[in-house]
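> Got a structure for you, questions after.
The values are calculated or read from the model by the stated rules, or taken from the named source; none is laboratory data. Owing to the predicted nature of the structure, the values given are computational and were not obtained by experimental measurement. All Cβ positions, even for glycine, are placed from backbone atoms using ideal geometry, and neighbour counts span all protein chains on display. Only protein heavy atoms, including side chains, enter the accessible area calculation; ligands, DNA and RNA are left aside. Shrake-Rupley method; radii C 1.70, N 1.55, O 1.52, S 1.80 Å.
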Amino acid sequence: MPLKILAVDNNPLMLKLLSHYLEERGHKVLTAEDGIRALDIVNTFTPDVMFIDFIMPGISGKNLCKIIRCNSKFTKTYIAILSATAVEGNHDVGEWGADTCIAKGPFTMVARHIQTILDMVERDEIKDFSGQILGKDEIHHRQITKELLSNLTHMDVIFNNLAEGVLEFNRRLRIVYANSSALRLCGIAEEKLLGRNVLDLFDQPSRPLMAKLTEDVFSSRRHTDSHDIRCLNKRQVTLDFLPLHTDGTESMILIIHDITAHKAAEEKLLQREAQYRTLVETVPHGIQENDTEGIITFSNAMHHRLLGYEPGELLGKPIWNMAASEKEREELQKYFAFLVREIPPPTPYMARNKTKDNRLIDVQVDWNYKRDDNGVVTGFTAIITDITERKKAEQALMESEERYRDLFENASDLIQIVKPDGGLQYVNRAWRQTFGYDDEEVARLTIFDLIDRDCRDHCLETFNRVLVEGNVPSIHSTFVAKNGDKIILEGSANCRKSPEGAPLFTRCIFRNVTKQKELEKQLRQSQKMQAIGTLAAGIAHDFNNLLSAVMGYTQLTMLQLPPDSDSHQNLKKVMQSSKRAAELVKQILTFSRPSSERQICILIPPLVKEAIKLISHSLPATIKIEHDIAPDCPPILADPTQLQQVIMNLCTNAYHAMRAGGGTLTVRVDTVEVDDRFLLLNPSLAAKKCVRLRVSDTGHGIDARIIDRIFEPYFTTKNQGDGTGLGLAVVHGIVTNHHGAITVDSEVGTGTTFAAYFPIHFAKNAGVADEQDDAFPRLTANVLFVDDQQDLAELGKMGLESIGCRVSTFSSSSEALAAFQADPAAFDVVITDQTMPEMTGAALAARLLALKPDLPIILCTGHSDIIDETTARGLGIRAFLMKPLQLNKLAEIIQAVLKS
């Protein structure tokens, strides 16, 4: 019975011998030179017997067997492997799906075993030859074959353990080889994959480009790679194409790189970046980044909305463009330059910003540094918070703590996570910078190690409240840094608990307000001094009016008495006491109002030396005076009399501190340049470069509990009768009015040093103003005298008439104006009080000058914040006189204005 037979061998001679032998015996024979051709044939031809060579290019005999056997169509097909190599390699062909193996040798021997198989198939008497190799004993084992098989096995292990998939396909794009990774990536069994068109593995949109790429590589015979991402079995891959040309046969190696995981990670990273950008754009804070020049490089939507700008309008602008005023702009520029230069730990910056529509808003700016990989500062990240929404912002920050881990670490606030036993579990960068501990030291610390001794009980109570109540929204306490500095913190704390209610950890967010508290303390002291000064100014005005009457009537009476009479001498003592009272009022006014009267460009050293000479005569032998006065100190702008009063008051104060036990009084004068922090704490100081006057003693020192009160008027620690309590208050007022600053450094039992700072002032000549001599001339002028207090008006009339003047007095400015309007030529000079109910002296002067422009007018006042000598002269007033009035001084001024 003729059989249908398919012979597969890449050796043409072997195929010819097989075909001739089988056809002579009446069998129908088809031949194939490789596995691909064999698979094409079996699509339309179902052989009864297949003879398959083991070693073939493309699909090997082993793989061809597997492919045939997985098709139910070929269940009854008898498969025999023809190969001496399979014999020498001790392969079990039954594992491949073959029924037997015939060892290749002389064709006569092979033909004999072929005939045995054909006879058996024709009789349908199939014997089990599995595990047997027909003709095994008739071949000669070759060493080279053994080595070749070993190399093939070695290469097979390598290829099957590659992470990349490796496919080989022929010129017709049919797959002839796939390693383990390729099978895994394709998701197809080897027997199903081999022989398929390689384009079928890819999604439909990729196939045209894949076909072009393969054709280009086959045509150019050059290796190429495709960075384009392709979809293979729902996985993302990139491909490398490697053409092969052996013995005239063309094929292609396709190396498949699976980038699915990489792309998934990349996509996850992009999603996370988008999430963080969304978070940054939606947080209820303005967030900006700027470089070290202050130029804004990033600004989120909230920052733009806060300042009323459209998105993107702030980019490229300097941060100080938003300052509310020119002064605040300059302060921010100085502060920013300080940050860039000194790189201190970031602290909150309070400011006023001007919006695009010129509204002013108060903001708090929390700075932090941006650094490169080397730790070099490249710019700043700033969180801008509207202060009115501070509590809401802090709450939002706490709620988003876990989601904003990066922002959490870079926040300028101090953040700590505390274990239930008080141990520190985590602190952020700002915390470490503020307290000065590194990570290793933090791991050994508890919060109880950081609490200031004076606050320990309060802090322990607060910590226990957090553990019990879960939340304490407002905490104020003092801590101690590694270097011993005390740090004042404000903030809040909340406790995370387990479902059972047990404390897990406590989160604390603090803001360092140490500097803020110092500024508040300074502000309170300044406001107190201002309030006392305002009160003193009002008292001084009324007291000067009273003194005017006392001194005026005293002088009038003295003129009527013989100079050598007892009454004249008694009144002279009254006059001396009145002058001392007037000087006391001037001292009160010194710290109650700023004044530039008689301020000239002078040198401090001569005044200091003169003061030392004066005071040295009054000191006991137990007190030694030392001085260190720099000869090259530049000049300052000051009132010489007031400056000498500062020196004398400080030296007198030092004497009182050492009066009981003696000691050393040291006076030093030098030039110094203060820093930004000093200017911040002493806002009255107008410049960095100053002349510094220091007066030190080795006395009993000042108790820290009262040191904040020593500049208050009438505050004194001396015994009753030893002082007025005005000395240091006057010093403070004079120094402040000279745009300077005064500080005190004292230690109980060691001594005290006062330091006064005066801004340097340069001018061509510097010296001390000359004193003017008193005079008491006789006059014949017609005087219009105006004062709302009738007794002072009458006193003025009596006094001036006693020296020859004709005087018309009025206690109403309106009546005085009417009298002048009636006859302007009747008056040579006008003397008027400033503070009057119907019309002020300045207003009256303006009305009078409108009628008679060359009229000499003298303006008098007990005290006024509205007008001074400069302002008065600007109104056309010839002279400005402070009460109490003295008849001789008033006569001199009348004489002077009439001459001018």
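> Of the residues LYS212, LYS146, which is at pLDDT 85 or above and in a helix (DSSP H, G or I)? So that I can check it myself, show each step before the final result.
Values: LYS146 fails: at pLDDT 85 or above.
Exactly one of LYS212, LYS146 is at pLDDT 85 or above and in a helix (DSSP H, G or I), namely LYS212.
> Considering each residue of segment 301-315, count those that are in a loop (DSSP other than H, G, I, E, B) and open to solvent by 50 Å² or more (accessible area, probe 1.4 Å), and give that number. Spell out how you get there, then give the answer.
Of the residues in segment 301-315, the ones in a loop (DSSP other than H, G, I, E, B) are 308-315.
Next cut, open to solvent by 50 Å² or more (accessible area, probe 1.4 Å) only: 310-311, 313, 315.
Residues flagged as in a loop (DSSP other than H, G, I, E, B) and open to solvent by 50 Å² or more (accessible area, probe 1.4 Å) within segment 301-315 amount to 4.
> Then there is this: Here's a check for you: in segment 34-83, which residue that is among the basic types (Lys, Arg) and touching a helix residue (DSSP H, G or I) at 6+ places or on another chain (Cβ under 9 Å) is farthest from GLU250 (Cα to Cα)? Steps first, please.
Kept after step one, since they are among the basic types (Lys, Arg), are these residues of segment 34-83: 37, 62, 66, 69, 73, 76.
In the following step, the residues that additionally are touching a helix residue (DSSP H, G or I) at 6+ places or on another chain (Cβ under 9 Å) were identified as 62, 66, 69, 73.
Values: LYS62: 21, LYS66: 24, ARG69: 28, LYS73: 31 Å.
Of everything passing the filter in segment 34-83, LYS73 is farthest from GLU250 (Cα to Cα).
> Read through the list (1) surrounded by 12 or more Cβ atoms within 10 Å (Cβ to Cβ); (2) touching a residue at least 40 places away in the same chain (Cβ under 8 Å); (3) assigned to a loop (DSSP other than H, G, I, E, B), then give the number of the only condition that ASP357 fails.
Checking ASP357 against (1) surrounded by 12 or more Cβ atoms within 10 Å (Cβ to Cβ); (2) touching a residue at least 40 places away in the same chain (Cβ under 8 Å); (3) assigned to a loop (DSSP other than H, G, I, E, B), the one that fails is (1).
> Taking interchain pairs and intrachain pairs at least six residues apart, which have beta carbon atoms under 6 angstrom, with the first residue in segment 607-622 and in contact (Cβ under 8 Å) with a residue 60 or more places away in the chain and over 16 Å from THR664 (Cα atoms) and the second open to solvent by less than 90 Å² (accessible area, probe 1.4 Å) and among the polar types (S, T, N, Q)?
LEU607/GLN644
> Starting from segment 177-199, take each residue that is closer than 12 Å to ILE67 by Cα and list its partners that are aromatic (Phe, Trp, Tyr) and at pLDDT below 85, counting only C-beta distances under 6 angstrom and pairs at least six apart or across chains.
none
> Out of GLY436, GLY484, GLY422, report the one residue that is surrounded by fewer than 18 Cβ atoms within 10 Å (Cβ to Cβ) and over 27 Å from TYR369 (Cβ atoms).
On the way: GLY436 fails: over 27 Å from TYR369 (Cβ atoms); GLY484 fails: over 27 Å from TYR369 (Cβ atoms).
Just one listed residue meets the conditions, GLY422.
> Check segment 348-358 and report whether any residue there is within 15 Å of THR381 (Cα to Cα) and β-branched (Val, Ile, Thr). So that I can check it myself, show each step before the final result.
Narrowing segment 348-358 to residues within 15 Å of THR381 (Cα to Cα): 348-349.
This time we only want the ones that are β-branched (Val, Ile, Thr), so: none.
So far as segment 348-358 goes, no, none of its residues is within 15 Å of THR381 (Cα to Cα) and β-branched (Val, Ile, Thr).
> Can you run down the residue pairs with Cβ atoms below 6 Å, 6 or more apart or on separate chains, where the first is in segment 420-446 and modelled with pLDDT under 90 and the partner is part of a loop (DSSP other than H, G, I, E, B) and open to solvent by 70 Å² or more (accessible area, probe 1.4 Å)?
Hits for this filter: GLN425/LYS419.
> Of all residues in segment 256-278, how many are among the hydroxyl-bearing types (Ser, Thr, Tyr) and either more than 19 Å from GLY165 (Cα to Cα) or open to solvent by 60 Å² or more (accessible area, probe 1.4 Å) (or both)?
2
> Going by the conditions given, is SER474 under 29 Å from the mean Cα position of the chain (by Cα), at pLDDT 90 or above and not assigned by the TED database to the domain that holds ILE734? Steps first, please.
Details: under 29 Å from the mean Cα position of the chain (by Cα): yes; at pLDDT 90 or above: no; not assigned by the TED database to the domain that holds ILE734: yes.
When the stated conditions are applied, SER474 does not pass them.
> Taking ALA896, is it part of a helix (DSSP H, G or I) and crowded, with 23+ Cβ neighbours inside 10 Å?
Working: part of a helix (DSSP H, G or I): yes; crowded, with 23+ Cβ neighbours inside 10 Å: no.
For ALA896, the condition - part of a helix (DSSP H, G or I) and crowded, with 23+ Cβ neighbours inside 10 Å - is not met.
> Return yes or no: is PRO345 more than 19 Å from SER412 (Cα to Cα), open to solvent by 60 Å² or more (accessible area, probe 1.4 Å), in a loop (DSSP other than H, G, I, E, B) and not assigned by the TED database to the domain that holds PHE510? Working first, answer last.
Details: more than 19 Å from SER412 (Cα to Cα): no; open to solvent by 60 Å² or more (accessible area, probe 1.4 Å): yes; in a loop (DSSP other than H, G, I, E, B): yes; not assigned by the TED database to the domain that holds PHE510: yes.
For PRO345, the condition - more than 19 Å from SER412 (Cα to Cα), open to solvent by 60 Å² or more (accessible area, probe 1.4 Å), in a loop (DSSP other than H, G, I, E, B) and not assigned by the TED database to the domain that holds PHE510 - is not met.
> Answer with yes or no whether PHE298 is assigned to a helix (DSSP H, G or I), free of Cβ contacts under 8 Å to residues at least 60 places away in the same chain and either open to solvent by less than 50 Å² (accessible area, probe 1.4 Å) or assigned by the TED database to the domain that holds MET350 (or both). Let's see the steps before the verdict.
On the way: assigned to a helix (DSSP H, G or I): no; free of Cβ contacts under 8 Å to residues at least 60 places away in the same chain: yes; either open to solvent by less than 50 Å² (accessible area, probe 1.4 Å) or assigned by the TED database to the domain that holds MET350 (or both): yes.
So PHE298 fails the test.
> Consider ASP92 against the criteria (1) at pLDDT below 85; (2) touching a Pro at 6+ places or on another chain (Cβ under 7 Å): it satisfies all of them except one. Which criterion is unmet?
(2)
One line per residue, one yes/no per condition, for (1) among the hydrophobic types (A, V, I, L, M, F, W, C); (2) open to solvent by less than 50 Å² (accessible area, probe 1.4 Å); (3) at pLDDT 90 or above:
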{"position": "VAL735", "(1), (2), (3)": "yes, yes, yes"}
{"position": "GLY796", "(1), (2), (3)": "no, yes, no"}
{"position": "GLY799", "(1), (2), (3)": "no, yes, no"}
{"position": "SER811", "(1), (2), (3)": "no, yes, yes"}
